[in-house]
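Peer 1: Dropping a structure here in C-alpha cells format, bear with me for questions.
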Amino acid sequence: DQGVAGMKVGGRRQLTIPPELGYGSRGAGGVIKGNETLIFIVDLIDVN
C-alpha cells in the first residue's frame, strides 16, 4: 500500500523493498534468497 499511495492512473513507479519489509532472512521458495532486496516496476493501469 505504501508504494502505490498517491499514484495516478497511467503512472509508473519503481518500488525498492528492503528485506525487512519483504521475505526477510527466510527467502521465498528457493527463488528469492534470504535477505534479498526486491525491486518492482509498477504501472498503474486502473483503479476500482
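Read-outs throughout are calculated quantities, based only on the coordinates presented, and are distinct from any laboratory measurement. Owing to the predicted nature of the structure, the values given are computational and were not obtained by experimental measurement. Every residue, glycine as well, gets a Cβ built from its backbone with ideal geometry; the counts of neighbours run over all protein chains shown.
Peer 1: Only Cα pairs under 8 Å and at least 6 apart count here; give the relative contact order of the chain as a rounded whole percent.
Peer 2: Normalised by residue count, the contact order of the chain is 44 percent.
Peer 1: Taking the Cβ of Asp43 as the centre, find all other residues whose Cβ is under 12 Å away and add up their charges (Lys, Arg: +1; Asp, Glu: -1).
Peer 2: +2
Peer 1: Hey, got a sec? Which trypsin sites (Lys or Arg not before Pro) in the chain land in a DSSP loop and have at most 14 other Cβ atoms within 10 Å?
Peer 2: Lys8, Lys33
Peer 1: From the list (i) 1.02; (ii) 1.04; (iii) 1.09, can you say which value of Rg/Rh (Cα atoms, Kirkwood Rh) was derived from the structure given?
Peer 2: (iii)
Peer 1: Please report the net charge: other residues with Cβ closer than 13 Å to the Cβ of Met7, K and R +1, D and E -1.
Peer 2: 0
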